[in-house]
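Notes to accompany the following structure.
The values are calculated or read from the model by the stated rules, or taken from the named source; none is laboratory data. None of these values were measured; they are calculated from a predicted model. Positions of Cβ are generated from backbone atoms using ideal geometry, with glycine treated the same way; all protein chains shown enter the neighbour counts. For the accessible areas, the whole protein counts, side chains as well, though only heavy atoms, and no ligand, DNA or RNA atoms are used. Shrake-Rupley method; radii C 1.70, N 1.55, O 1.52, S 1.80 Å.
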There are 2 protein chains.
Amino acid sequence: MANSDKVKKAAPKTAKAGTIKLPLNKIVQGDCIEVMNSLPEKSVDVIFADPPYNMQLKDTLTRPDNSKVDGVHDAWDQFSSFGAYDHFTYEWLTAARRVLKDTGSIWVIGSYHNIFRVGNALQNLDYWILNDIIWRKSNPMPNFRGTRFTNAHETLIWAGKSADKSGYTFNYDAMKAMNDDTQMRSDWVLPICAGKERLKVGDKKAHATQKPEALLYRVLMASTKPGDVILDPFFGTGTTGAVAKKLGRNFVGIERETDYIKVAQERITAVKKLDDEALGYTLSKKAQPRVPFGNLVERGMITPGETLYDSNKRYAARVRTDGTLIAEEVKGSIHQVGARVQGQPACNGWTFWHVEKKGELLPIDVFRQEIRAEMH
Amino acid sequence: MANSDKVKKAAPKTAKAGTIKLPLNKIVQGDCIEVMNSLPEKSVDVIFADPPYNMQLKDTLTRPDNSKVDGVHDAWDQFSSFGAYDHFTYEWLTAARRVLKDTGSIWVIGSYHNIFRVGNALQNLDYWILNDIIWRKSNPMPNFRGTRFTNAHETLIWAGKSADKSGYTFNYDAMKAMNDDTQMRSDWVLPICAGKERLKVGDKKAHATQKPEALLYRVLMASTKPGDVILDPFFGTGTTGAVAKKLGRNFVGIERETDYIKVAQERITAVKKLDDEALGYTLSKKAQPRVPFGNLVERGMITPGETLYDSNKRYAARVRTDGTLIAEEVKGSIHQVGARVQGQPACNGWTFWHVEKKGELLPIDVFRQEIRAEMH
DNA sequence: GGAACAGTTGAATCCTTTT
DNA sequence: TAAAAGGATTCAACTGTTC
């Protein structure tokens, strides 16, 4: 493909690390390791990677010097017939780790041919696995020879940058909402990419392993926020870019093959971003602004001296002017007193305590909601 | 446990490899690596292994009701590093390979904590992966903190002794018959081991990680013939032995802990071999799979931003990306919003809401039916 | 006797901010 | 940096009790 404003040529190998500005919503042509090494470090929120898994599997286990590995004690830390693939894997995962923000996370998809190499490398490189996700295909290709089980799934690994770097995005509530109000599980049932969604060039598939948009939809809805940057180092025909654009996220695509880039570019251009109401990103409860109980007293929503009850009216406590409670000699915050009267180690005072209004018990959390609504 | 005719003491480390006769249908007490090295080479048909997962649990975990989760904190699951775990893995997999017949196969079960280490080691040791099998738990433990996807599955790797040594057993027709006459897939839905099947000592579970018999039933039905020898190097409370005996197969169990051996021995003694007729598998009736509304959005059957109507077009609501609806400031699931706009306590959103296609109103339930049809 | 309800439990790498 | 505090968080299956 000729140069266009949407396609960047790969940075030369000599490019200084981090000297290239992040090419937002563009496809960069080139080797993903070189390109990633040219990007600014800690600059992307999430990486989605669908690496190749074409391996030379028939070789026997040999070291680089061609001696055969036979012992127990030296097999596990030596190169093997998988050496070339492992080397490639470590290189791109290392480059990916550099460009990933400390609060970022990475997704890698694969099958049993390569996923154990990838998972092993991720762990060795100090990534921290969050989940392994099973994409259960509703319409897999059958096993024609009847020699094994129908290979009906692929595996995705979702990992944070390291064990002590938390802060990764997980839209728990959105996932739960998408799953009829029960937690989203680690096994996802989705059809393979077929029909109109399957991109063609003439009457041939544009790409051998095009992933369904539904898969990326769930990945991005789960682990990114609107405006986040998603890097895909094996961009192919651009499923990641198409879904990112639709969902109001930014993408950076890296791809070597001109033919794929061309198809991906056309595809993404045709995608429209959903409007903001439809996007409807709701802040998780954990991320909402903190409202001290004292504010409710301060504003007169709750009067000092008033009595609070639990939902069964088994426990009662009186409100003091400073926003603490007192019950049976126990003084402290709404949480501490709630925990103590029940003899529990912890308690969410917001949902535990109620005020009595016209004979009805109203959780004090409704006042907090009022205050938050004012704050937008 | 005292010596008995059913329990053998481990062979001494100096025992010459292969000098011990195969202890058929017995539990050998000792370290599995030493014991396996003392057994005759190429003597067992199938190995089933449930090694420690190296879960690296830190603090105690509590449920939302403040009760404590009884996690796996046993000494046998503690390893100092990945290196230590890898070393252990290579050792036992090497010993296992020696006792396995050339026509044999091996099963190893694990979770994301260890399965990538195991899979990597299997490949490096020249085993040949036949399938990775997903045990989808119908009743997994939820994620109590809302931080990740519910960890709802475990992975089994099924591998032959090497790429050029075929001849492993796969009972294709039995598997197909067990699965309503369609090929058995690589994902198996089975409940966890609970209820009466769960072995207890007093009121405590006998083993932290007892596997369900249904899982071993399928493994052995798929990959062994009557009379075959199945070796389990991490025998625990003997699920492998119990199912092997029931199915008319022979087992060899290796276990270190006296307490587990005692429980396993009693359990297996109580098992009766099924008569040949009873070996026919009774099919459990499949329930209608639940399809979340979010799936329709994810798959593009319904577009975020699209408007839904009731059959009389009296009410309207817009679809958001996470599969919730919004109508007149009311947000929530298709059921919740349907109920609220009507002022009713409840509503079946599937039949209430419709999409407009070419001037016709189509209930959204038709899309759910489409998805169910794909799932069979 | 059976329905309804309350209680328990499972291989889990399960929090974040302020003081 | 360690300790304290705020406050967010669960699903399906089985067991046992009550009405």
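So, of the residues in the range B:101-139 that are in a loop (DSSP other than H, G, I, E, B), more than 7 Å from chain A (Cβ to nearest Cβ) and within 9 Å of DNA strand C (Cβ to nearest atom), which turns out to be surrounded by the most Cβ atoms within 10 Å (Cβ to Cβ)?
Out of the qualifying residues, it is B:114.
Condition first: touching a helix residue (DSSP H, G or I) at 6+ places or on another chain (Cβ under 8 Å) and open to solvent by 70 Å² or more (accessible area, probe 1.4 Å). Now tell me which residues in the range A:282-305 satisfy that.
Hits for the range A:282-305 are A:285, A:299, A:303.
Go through A:231, A:156 for me and flag whichever is under 30 Å from residue B:223 (Cβ atoms), assigned to a strand (DSSP E or B) and either more than 7 Å from chain B (Cβ to nearest Cβ) or touching a Leu at 6+ places or on another chain (Cβ under 6 Å) (or both).
A:156
What residue, among those in the range B:70-100 that are among the β-branched types (Val, Ile, Thr) and away from chain A (no Cβ under 14 Å), is farthest from DNA strand C (Cβ to nearest atom)?
Ranking the candidates gives B:99 first.
Return the pairs, sorted by first residue and then second, in which the second residue is open to solvent by less than 30 Å² (accessible area, probe 1.4 Å) and assigned to a loop (DSSP other than H, G, I, E, B), the first residue lies in the range B:167-179 and is at pLDDT below 90, the beta carbons are less than 8 Å apart, and the residues are 6+ apart or on different chains.
Within 8 Å, the pairs are B:175/A:149; B:175/B:184; B:176/B:184; B:178/B:184.
Is it the case that some residue within the range B:24-35 is at pLDDT below 95 and either farther than 20 Å from residue B:240 by Cα or among the basic types (Lys, Arg) (or both)?
Looking for residues that are at pLDDT below 95 and either farther than 20 Å from residue B:240 by Cα or among the basic types (Lys, Arg) (or both), one finds none in the range B:24-35, hence no.
Scan the range A:173-191 for residues that are closer than 15 Å to residue A:50 by Cβ and either open to solvent by 60 Å² or more (accessible area, probe 1.4 Å) or within 16 Å of DNA strand C (Cβ to nearest atom) (or both) and report the count.
0
For the range B:208-225, enumerate the residues that are part of a loop (DSSP other than H, G, I, E, B) and either in contact with a Ser or Thr (Cβ under 8 Å, 6 or more places away or on another chain) or within 14 Å of chain A (Cβ to nearest Cβ) (or both).
Passing the criteria: B:210, B:211, B:212, B:224, B:225.
Under 8 Å between Cβ atoms, which residue pairs at least 6 apart in sequence (or on different chains) link something in the range B:301-319 that is under 20 Å from residue A:247 (Cβ atoms) with a partner that is polar (S, T, N, Q)?
Partner pairs satisfying both residue conditions: B:304/B:321; B:318/B:307; B:319/B:303; B:319/B:307.
Among the residues of the range A:140-153, write down those that are among the aliphatic types (A, V, I, L, M) and facing chain B (nearest Cβ under 7 Å).
Answer for the range A:140-153, where residues must be among the aliphatic types (A, V, I, L, M) and facing chain B (nearest Cβ under 7 Å): just A:152.
What's the number of the only condition in (1) within 21 Å of residue A:151 (Cβ to Cβ); (2) within 16 Å of DNA strand C (Cβ to nearest atom) that residue B:158 fails to meet?
Of the numbered conditions (1) within 21 Å of residue A:151 (Cβ to Cβ); (2) within 16 Å of DNA strand C (Cβ to nearest atom), the odd one out for residue B:158 is (2).
Does residue A:164 count as facing chain B (nearest Cβ under 9 Å), open to solvent by 20 Å² or more (accessible area, probe 1.4 Å), within 16 Å of DNA strand D (Cβ to nearest atom) and at pLDDT below 95?
Answer is no for this residue.
In the range A:225-238, which residues are open to solvent by less than 10 Å² (accessible area, probe 1.4 Å) and within 22 Å of residue A:174 (Cβ to Cβ)?
Within the range A:225-238, A:230, A:231, A:232 meet the criteria.
Looking at B:154, B:255, which one is open to solvent by less than 50 Å² (accessible area, probe 1.4 Å), more than 19 Å from the chain's Cα centre (by Cα) and of a type in the set (Asp, Glu)?
Answer to the check: B:255.
Residue by residue, here is whether (1) within 16 Å of DNA strand D (Cβ to nearest atom); (2) more than 14 Å from chain B (Cβ to nearest Cβ) holds:
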site: A:281; (1), (2): yes, no
site: A:287; (1), (2): yes, no
site: A:324; (1), (2): yes, yes
site: A:344; (1), (2): yes, no
site: A:353; (1), (2): yes, yes
site: A:357; (1), (2): no, yes
site: A:363; (1), (2): yes, yes
